[in-house]
Amino acid sequence: MKKRTLALLGLVAALAISLAGCTDKAPQDTETPDPTGSTPVAESDIAYIQSKGTLVVGVTDYPPLDYQDESGEWVGFDADMCRAVAEALGVECEFVSINWNNKLMELEGKSIDVIWNGMTLTDEVANGSSPTIGYLSNGQVLVLKAENAAKFEAGELALADFTPAVEAGSSGEKAAAAAGLSCVPVEAQVDALMEVAAGTSDSCVIDTLLANVSTGEGTDYADLVIAADLEVEMDVAACRKGSDLTEFINEQMVTLYENGTTLQLAEQYGIADMVVKPE
C-alpha cells in the first residue's frame with residue numbers, strides 16, 4: 001500500500017510539472033506574428049492630442065489670420081477658428097511660431113499638430129501632409145510702391161524688371177519663380193512688405209488676402225499697391241499624413257459655417273468676401 005501511495009504521489013507531481021510547463025508556454029502562443037504581415041494601425045492623432053490636452057498650431061505673423069495683439073495673445077480669423085476646433089476636441093490651443101520653410105518637418109516631427117496659417121494648397125502640401133477642405137479663396141500678387149505701379153501699368157517697367165522679396169518656402173516664392181523672377185527670401189510675408197516700404201526691395205510677392213488688408217489707403221502701407229495677380233489659390237489647414245484630425249477639422253468647418261461662426265469671424269477681420277463654403 002505504501003508503494004502504491006508513493007507511486008500515486010509521483011504521478012501527481014509529474015502532472016503538476018507538465019501543467020506548469022504548458023502554462024509557461026501559453027503567452028508565447030499569443031505573440032505569434034500575424035501571418036498576413038499587416039502592420040499595426042497608427043495611433044489616433046485625436047487621441048494623442050486629447051491625451052496631452054493641447055492642440056499645437058504652427059503659425060507665422062500673418063494678419064488678419066494669425067497675429068499677436070498688444071498682450072501677446074495670438075488672434076485672427078485662423079486663430080479663432082483653431083480655438084473653436086480645439087474647444088470641440090476638449091483641449092486648449094497652443095500657438096507656436098514656426099519657420100515656414102520647415103513647416104512640414106515640424107508637423108511630421110510632432111512639434112506641432114496642425115498648420116493653420118493661410119496656407120495655400122500646393123503639390124508640396126498635398127504630398128507632404130493631410131490637407132483639409134479649402135476655406136478661403138486666396139492667391140499671389142505683386143506689390144509695388146505706387147510710383148512704380150504707375151510705371152508698370154504704363155509699360156515703362158516690366159515684370160522681369162523686379163526682384164521681389166518673398167517669404168522663404170511660401171507660395172509667393174513659387175509663384176515668383178514660376179514667373180521667371182529672381183527672389184530675395186525673407187522670414188515672413190510681413191517682412192516682405194516692410195522691405196518694399198523701406199525701399200530695400202523693389203517689390204514683393206505675397207498672398208492676396210494679406211495684400212488686400214495691408215496695402216493702400218487707410219493701411220500701414222498706404223504707398224504700396226497691388227500691381228498684378230500671379231496666381232489664384234485655395235487656403236487649407238494641414239495635418240499629418242493619415243491623421244484622423246483632418247476629417248474632424250473638416251466636420252467642424254462645416255458646422256462653424258452652418259451656424260454662422262465662420263462668416264461672423266470673417267466679417268470681424270474684414271475678409272468676408274474671401275470665405276468659401278466648405279464642401
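The values are calculated or read from the model by the stated rules, or taken from the named source; none is laboratory data. Everything numeric here is computed off the predicted structure, so don't read it as measured data. For neighbour counting, all protein chains shown are included, and Cβ atoms are generated from backbone atoms with ideal geometry for every residue, glycine included. For accessibility, only protein heavy atoms count, side chains too; no ligands or nucleic acids. Shrake-Rupley method; radii C 1.70, N 1.55, O 1.52, S 1.80 Å.
Filtering segment 267-276 for residues that are in a strand (DSSP E or B) and surrounded by 15 or more Cβ atoms within 10 Å (Cβ to Cβ) leaves a non-empty set. Being surrounded by 15 or more Cβ atoms within 10 Å (Cβ to Cβ), touching a Phe, Trp or Tyr at 6+ places or on another chain (Cβ under 6 Å) and touching a residue at least 60 places away in the same chain (Cβ under 8 Å) is a property that holds for Ala227. Here Met234 meets each of (1) surrounded by fewer than 18 Cβ atoms within 10 Å (Cβ to Cβ); (2) under 14 Å from Leu144 (Cβ atoms) with one exception, condition (2). If you go through segment 243-266 one residue at a time, do you hit one that is within 29 Å of Leu144 (Cα to Cα), modelled with pLDDT of 95 or more and open to solvent by 50 Å² or more (accessible area, probe 1.4 Å)? The answer is no, given that none of the residues of segment 243-266 is within 29 Å of Leu144 (Cα to Cα), modelled with pLDDT of 95 or more and open to solvent by 50 Å² or more (accessible area, probe 1.4 Å). With a requirement of 1 or more residues that are open to solvent by 10 Å² or more (accessible area, probe 1.4 Å) and modelled with pLDDT of 95 or more, the strands (runs of 3 or more DSSP E) lying completely within segment 27-123 that satisfy it span 54-59, 92-97. Entry remark, segment 124-140: residues being in a strand (DSSP E or B), closer than 24 Å to Pro63 by Cα and hydroxyl-bearing (Ser, Thr, Tyr) number 1 in total.
Candidates Gly242, Gly260: the one that is over 20 Å from the mean Cα position of the chain (by Cα), over 13 Å from Asp78 (Cα atoms) and among the small types (Gly, Ala, Ser) is Gly260.
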